[in-house]
Amino acid sequence: MTVLLTRRIPSAALSKLQAAHDVEIYDGPSPISEDELKRRIVGKQALICLLTEKISAEVIATSDLRIIANIAVGYENIDVAAARARGIVVTNTPDVLTEAVAEFTWALILAAVRRLTEGERLLRRGAWQGWTLDFMLGSGLQGKQLGIVGTGRIGRAVAAKAPAFGMRVAFAKRGQPSSPQSEKVAVPLSMDELLVSSDVISLHVPGGQATRHMIDKKSLARMKRSAILVNTSRGSVVDEEALAWALRERLIAAAALDVYEREPAVHPPLLEMENVILAPHLGSATHETRRAMASLAVENVLAVLSGQPPKTPVS
Ligand code: GLV
């Protein structure tokens, strides 16, 4: 059988795939265009793709695929309903990236509260005058509240590290908490209560229509003026224009973003602001995690093409 890869993947995973099937790799500029994808997908039984590629109903309709394996935990880039209607399995890569994204979320939280990137920019432009008592003060985390929006695996992993910094955790009640354990360390609050009372608000919901602009002008206006908003989930969750307004008006103290509404574009006013940290979608970007993500996608393909159930089908 033949598998189409929209990008080269780490070699251990690639070799395992090549040992079992023919493999075609798209090596052009990323991401592959929809037309190119439609052309190449013909006659392929499996597709391994990235979150930057839109796998539309139209692409799916032209294919004989048995599986679409996304190398990402999010899968709003794939028309899952259209795939399901044609009996195509869709898989993602949960679990293997949870800790990497949680660690990166903490990197952003710490960098934002201590103004790390702002300080580095100042130093690099030669503007540092030396140590003074009141220079570039940030805020401490001890005794503060971390508000987690989205209590899936990543939200819970971020929450689990909060006690190390002396923070208490609150999570937004959207349905049931995911595990009884999360209730022991975290207080369930309504979304509004969480917004008004948290010092750091960290977003961990999936992308897609249901969460689009969940953080808008109204919710930003409810936050503390000292609050810090962190987004390592999906850019669509935050209305970037509203965020730029809130940062400009100092309605919140700072934001730290790893994801954007129109990646790789960033809402231009954000690029001019000192009180926002902008990372280029690095949440899961560790050698170990990317290897594990690629391996999991390959395992899913190997399973489905040999008539076995996939390890991590999307629900
Ligand atoms: C990364 O953003 C992912 O969904 O894996």
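Determine whether region 299-309 contains at least one residue that is crowded, with 22+ Cβ neighbours inside 10 Å, within 16 Å of the ligand (Cβ to nearest atom) and at negative phi. Checked region 299-309: at least one residue is crowded, with 22+ Cβ neighbours inside 10 Å, within 16 Å of the ligand (Cβ to nearest atom) and at negative phi. Figure legend. Inter-residue proximity from region 15-32: first residues open to solvent by 40 Å² or more (accessible area, probe 1.4 Å), second residues in a helix (DSSP H, G or I) and hydroxyl-bearing (S, T, Y), beta-carbon distance below 8 Å, spacing 6+ or different chains. Indicated pairs: K16/S295. Here N77 does not qualify as open to solvent by less than 10 Å² (accessible area, probe 1.4 Å), within 25 Å of G150 (Cα to Cα) and at pLDDT 95 or above. Filtering region 274-298 to residues that are open to solvent by less than 30 Å² (accessible area, probe 1.4 Å) and within 20 Å of V237 (Cα to Cα) leaves N275, V276, I277, A279, G283, S284. Scanning region 189-211 for residues that are assigned to a strand (DSSP E or B) and either out of contact with any helix residue (DSSP H, G or I) (no Cβ under 9 Å at 6 or more places or on another chain) or crowded, with 23+ Cβ neighbours inside 10 Å (or both) yields V200, I201, S202, L203.
Taking strands (runs of 3 or more DSSP E) that do not extend beyond region 5-124, which have at least 1 residues that are closer than 23 Å to P206 by Cβ and not hydroxyl-bearing (S, T, Y)? Quick ask: steps written out before the conclusion?
On the way: elements: 22-25, 46-49, 67-70, 89-91.
Strands (runs of 3 or more DSSP E) meeting the threshold: 46-49, 67-70, 89-91.
Confirm whether A82 is touching a residue at least 12 places away in the same chain (Cβ under 8 Å), under 27 Å from M167 (Cα atoms) and open to solvent by less than 30 Å² (accessible area, probe 1.4 Å). So A82 fails the test.
When region 39-70 is limited to residues that are open to solvent by 20 Å² or more (accessible area, probe 1.4 Å) and closer than 25 Å to P10 by Cβ, the one that is nearest to the ligand (Cβ to nearest atom) turns out to be L51. The set of residues in region 232-260 being in contact with a His (Cβ under 9 Å, 6 or more places away or on another chain) and within 16 Å of the ligand (Cβ to nearest atom) consists of T232, S233, G235, S236, V237, V238, D258, V259, Y260.
Do we find that L229 is more than 22 Å from L17 (Cα to Cα), outside the structural domain of I88 (by TED's automatic domain parsing) and either outside any helix (DSSP H, G or I) or open to solvent by 30 Å² or more (accessible area, probe 1.4 Å) (or both) in this structure? Criteria met by L229. Of the residues making up region 212-224, one or more are within 30 Å of G87 (Cα to Cα) and surrounded by fewer than 21 Cβ atoms within 10 Å (Cβ to Cβ). Taking the listed residues I148, I109, I154, the one that is touching a residue at least 40 places away in the same chain (Cβ under 8 Å) and open to solvent by 20 Å² or more (accessible area, probe 1.4 Å) is I154, with no other qualifying.
The values are calculated or read from the model by the stated rules, or taken from the named source; none is laboratory data. Nothing here was measured: the structure is a model prediction, and the numbers come from that model. Every residue, glycine among them, receives a Cβ derived from its backbone with ideal geometry; neighbour counts consider all protein chains shown. To get the accessible areas, we keep the full protein, side chains included, count just its heavy atoms, and leave off ligands, DNA and RNA. Shrake-Rupley method; radii C 1.70, N 1.55, O 1.52, S 1.80 Å.
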